[in-house]
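Here, each number is a calculation from the coordinates, and none is a lab measurement. The model shown is predicted, which means the values in this text are computed figures rather than measured ones. All Cβ positions, glycine included, derive from the backbone under ideal geometry; neighbour counts span all protein chains shown.
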Amino acid sequence: MMRLAYSKPERDAVACFAELCEREGMQVRYDACGNLIARKEGRNPELPAVAFGSHLDTVSNGGRYDGAAGVAAAISVIHSFNLQGVQTDCPLEIICFACEESSRFGVSTIGSKAMSGELKKEGLERLKDNKGITLPEALDASGYTFASIEDSLRDGKELRAFFELHIEQGPYLENEKKQIGVVYAIAAPVRLAVTVRGRTAHSGATPIHMRKDALLGAAEIALELEAMAKRELLNGMVATVGVLSVNPGAINVVPGLVEMQVDIRCSTEQVKRQSMEEVRKLFERVGRERGLSMEWELLSDESPTLLHGDAIASIRSACESLGFSYAVMPSGAGHDAMNMTRLCPTGLLFIPSREGLSHHPDEYTSIDSLSEGAMVLGKVIRQWAQAKGPGTTE
Ligand SMILES: [Zn+2]
């Protein structure tokens, strides 16, 4: 699958989806940055809408389910309401967000950021894809203008809640044999660039105890980060050294300089702060014990996002009443739901991904899982869209 944000295939897919929404009697509009909003009025148009959806853009050479699963589940909920003659009190909205993936311009969830006021516009106009097309040019080609993307901003009062169904993109549900993941928090990355300096030396002539091997220091750090993440497994911690450059990079030279990049995520702010303190001490200890000089720079430091307690509770009770097994779990990956928490109570539910594979053509989720997820979503939406449903003050 290749539907890069604001490309013709992606816009065609969104237009095709808009047609499906119209066929279900929904009113369709696009906002200033290309988010599709399809609305079905409820009994009381004065009530805030209950919204749900996901995205249709993909990474380059991605799978069929990331994003699309949530959008397909959303239209199937409306379709089944129509078949059963269900009319809700609140209006219902399906939102298909623009530019969720960062693969084209290096910035993710642009549509939901713009809708929730989280978009930092500065510098965005200079972003280019790998063909040299800028974000403003891509928007223009799709019929939008960069100057007005902030007009996508919505008032939280318009929405009672937002729910997103998404494939897990990890192996947890499949391994634990659970049908549904009830997400309580979305982890955000802390990213570090670490420079380890030792002393370049001859690999044959320098005795092993007289070396200052920068790679061995980096390796110890990587293993210690793994151990730390395992200790904080229940807090959803993961730590990854995804970039490592060894200098001078010759077979007969003890590495004198290593540059590494570290990505650490967990689901609570408190654990994140404690862990960052632990990481700082780790760098100092490894530097001291191995005679290495350590420098580190914070590339990004974002806070985990908590999903709404009432949203979590209603997804759990929907699973229980349908007899589906579930796990309450954090999400290691970012989603549009993360930004929507700034606007209204937000919930996120996962369905299993085969072998945890995602952002890959072999990504797969069974039709059973898709329909189970859609059933849970439908139940949750029905509950929230009652005049006195969750999220009302009474
Ligand atoms: Zn996605």
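Once the C-beta distance of Asp151 and Ile251 is scaled by a Förster radius of 56 Å, the resulting FRET efficiency is 0.45 to the nearest 0.05. Evaluating 6.51 cos²θ - 1.76 cosθ + 1.60 at θ = phi - 60° for every residue in the range 188-204, the Karplus couplings come out as 10, x, 9, 10, 10, 9, 10, 10, 10, 10, x, 9, 5, 8, 6, 6, x Hz, glycine and proline recorded as x.
Summary of the geometry: the range 215-265 and the range 29-55, compared by the centres of their Cα atoms, lie 45 Å apart. Put simply, the amide H of Val328, placed in the peptide plane, has neighbours under 5 Å in Val182, leaving out anything fewer than 5 places away on its chain. The trypsin sites (Lys or Arg not before Pro) of the range 297-394 that meet both conditions, a loop assignment by DSSP and at most 11 other Cβ atoms within 10 Å of the site Cβ, are Lys388. For a label point 7 Å from the Cα of Arg285 along Cα→C-beta, name the residues of the range 210-253 whose backbone N is under 13 Å from it. The answer is 220-229, whose backbone nitrogens lie closer than 13 Å to the label point. Diffusion of the range 188-297 by Stokes-Einstein, at 25 °C in a medium of 0.890 mPa s and with Rh set to the Kirkwood radius over alpha-carbon pairs, works out to 170 µm²/s.
For the range 127-176, the list of trypsin sites (Lys or Arg not before Pro) that fall in a loop by DSSP and count at most 11 other C-beta atoms within 10 angstrom reads Lys131. Per the Debye calculation on the range 260-394 with a single equal scatterer at every Cα and no solvent contribution, log₁₀ I(q)/I(0) for q = 0.14, 0.19, 0.21 Å⁻¹ amounts to -0.83, -1.19, -1.32. Backbone geometry of the range 283-297 corresponds, through the Karplus equation with coefficients 6.51, -1.76 and 1.60 at θ = phi - 60°, to 3J(HN,Hα) couplings of 4, 5, 5, 4, x, 5, 5, 9, x, 10, 9, 10, 10, 9, 10 Hz, x marking Gly and Pro. Solvent-free Debye calculation, one equal scatterer per alpha-carbon of the range 1-76: log10 I(q)/I(0) at 0.12, 0.17, 0.22 Å⁻¹ equals -0.35, -0.67, -1.04.
A Förster radius of 25 Å, combined with the Cβ-Cβ distance separating Ser366 from Ser80, puts the computed FRET efficiency at roughly 0.85. When the P(r) of the chain is calculated, the portion above 28 Å amounts to 51% of the C-alpha pairs. Subtracting the Cα-Cα distance of Gln87 and Lys177 from 0.36 nm times their residue separation leaves 28.9 nm of extension gain.
From its DSSP helices (H runs of at least four residues, each -39,500 (n - 2.57)), the chain gives a residue-normalised ellipticity at 222 nm of -10500 deg cm²/dmol.
Using a Förster distance of 45 Å, how high is the FRET efficiency between Leu233 and Leu127, based on the Cβ-Cβ distance and rounded to 0.05? After rounding to 0.05, the efficiency reads 0.80. Taking amide H atoms as placed 1.01 Å from N in the peptide plane, the amide H of Phe163 lies under 5 Å from those of Ala51, Phe52, Gly53, Gly347, each 5 or more residues away in sequence or on another chain. Note on Leu223 and Thr240: the extension gain reaches 5.1 nm, defined as 0.36 nm multiplied by sequence separation minus the Cα-Cα distance. Could you sort out which of Lys8/Lys120; Lys40/Lys388; Lys157/Lys379; Lys131/Lys272 sit more than 30 Å apart by Cα distance in this structure? The answer is Lys131/Lys272.
Applied to the range 135-143, the Karplus parametrisation 6.51 cos²θ - 1.76 cosθ + 1.60 on θ = phi - 60° returns per-residue 3J(HN,Hα) values of 4, x, 5, 5, 4, 4, 5, 8, x Hz, with x for Gly and Pro.
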